[in-house]
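Since the structure comes first, as structure tokens, the remarks are kept for the end.
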Amino acid sequence: MTDLLHCSELSKTYQDGESQVDVLKSVDFSISAGEMVAIVGASGSGKSTLLHILGGLEKPSKGSLSFNGQDMTTWSSDKLSSWRNSNLGFVYQFHHLLPEFSALENVAMPRLIAGENPKAAKQAAEALLKRVGLEHRLSHRPAQLSGGERQRVAIARAFVNNPDIVLADEPTGNLDGEAAASIYQLMLELNKEKGTAFIVVTHDNTLAEQLHRVERLVGGTLNGKQLRDDTLISASSTTGIALGCAVLIAALSMMNGFQNVLQNRLLSVVPHVEYSAVEGELKNWQLISKIAKEHPDVVAAAPGINSTVMVQTNTSFHGIQLKGIDPSYENRVSDLSSYVSDEDWQRWTSEGGILLGAGIAEKLNVQIGDSLSILFPEKSARGFQSPKRKRLEVTGLFEFGGEIDHLNAYVSLSTAMDELSIADGVTSVRLALNDVFKAPTVAQEIGNQLPELVYLNDWTRTHGHLYRDIELVRSVVYLVLVLVMAVACFNIVSTLVMT
């Protein structure tokens, strides 16, 4: 059987200052039509990088990549974009649904972007949503859906153009056990019904074991042997026990360091608490801010406008999270200006335009002074409507160093209000707290006093997985430390008794 997708001797190297980082090393991989393959491995082993290369989102440093026998490494960017739209479907850990649109509109969006008739696109999307069990959620927006329902919408969107292959990157990473199991079952059923091939990157062994084949990525190589050092501590090995205790103490110190970075760096630009409009705008945002600032744990409050917009470059589209902010308020609730050069910040605050994440700028190959074509969602009671197009000059870049650089962009609050047709309200009010770890409690206490219905969110819901992972590792380290000390005590007691 001819391979549907095949790569040989695939390597990927990144430049880090004067050194090189080899993420993938001579990887050989293939998948046939209708096959389901899991790629597993430790965090940072290169799984997502491999998936991006197989999906034509990144180019390999070395090696060959082919689809149905055609060499993809010679294809132009336009041909790769066309191939992805026609032959691939993508499902990510974060659903990346457009919050302003219903489930039906989100699923139809790839066909609409491809220029298909809105009625036909809507019919195809409706059929897929019925197939994934969401016929009763067609008009619901992402905020009105559960985590499992959002991921089902994302899967339906991946299938709307009848792809040959679906690439799934941790598709159940944010779901509980029951929701994850239903997503597994849905993927298996769609594979049988449509004959679609799946390449699934996952940490979930339960999912991996249900697929046709499992590939393990170790040290940048598929199916590498993972070396384990399961040394048993001898009853008389006091040196081994001392070394084990030292390593565990060092691990605890590292976990505490990670927690400090989480609190002092990541949460310096992420809202500690955020109240968002359920429908439309927060007309009484000044009153909401006043009530919030009366709480003893609240440092400051700031209005904002959040929207997902499309950026058009040549023949491709890229989705970004656009945030409308007022710089005078923003400096009270975040340290965003600390990650922007003084010159860029002054230019942006005085001239307007768009403040772009460094990761987005690199991906779009733009720099300060360039103009971008932004497609703003257009409000309409008629449902499907062409977005509003606006050209904005890139007047500044921010470099936080991480996922935020690749997702967020900022415009002034007034620009966001004008382009999104918001008269005198905002879509959210964001709070900064004295103690970030009280965020869930503070959010609930203030929320109970607000004069209008809002969506309540805090950082433990949007980025809390990082803190929970640290706490889990710390708990495991504590447990192992106790066990090591117990073994040491047993050795001492045994020696005393025997002597």
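Values in this text are rule-based calculations from the coordinates and carry no lab data. Quantities reported herein were computed from a predicted structural model and do not represent experimental measurements. Cβ atoms come from the backbone with ideal geometry, glycine included; neighbour counts cover every protein chain shown.
Can you pull the semi-axes for the range 181-224, root of five times each eigenvalue of the Cα gyration tensor, sorted largest first, whole Å?
After scaling each eigenvalue by five and taking roots: 22, 12, 7 Å.
Over the range 337-436, what per residue volume does the convex hull of the Cα atoms give, in whole Å³?
Cα convex hull per residue, to the nearest whole number: 150 Å³.
Could you order the peptides 134-146, 23-35, 66-78 from most to least packed, using the average number of other C-beta atoms within 10 Å per residue?
Top to bottom by mean Cβ count within 10 Å: 23-35, 134-146, 66-78.
Based on the alpha-carbon gyration tensor of the range 50-187 and its eigenvalue square roots a ≥ b ≥ c, which shape applies: rounded if a/c is under 1.5, prolate if not and a/b is larger than b/c, or oblate?
Judged from the Cα gyration tensor, the range 50-187 comes out oblate (a/c at least 1.5, b/c at or above a/b).
Between Glu452 and Gln185, take the C-beta separation as r, use R0 = 35 Å, and let me know the FRET efficiency to the nearest 0.05.
Efficiency for this residue pair is about 0.30.
Suppose a student asked you for the relative contact order of the range 52-195, using Cα pairs under 8 Å spaced at least 6 residues apart; what percent would you report?
The value is 30 percent.
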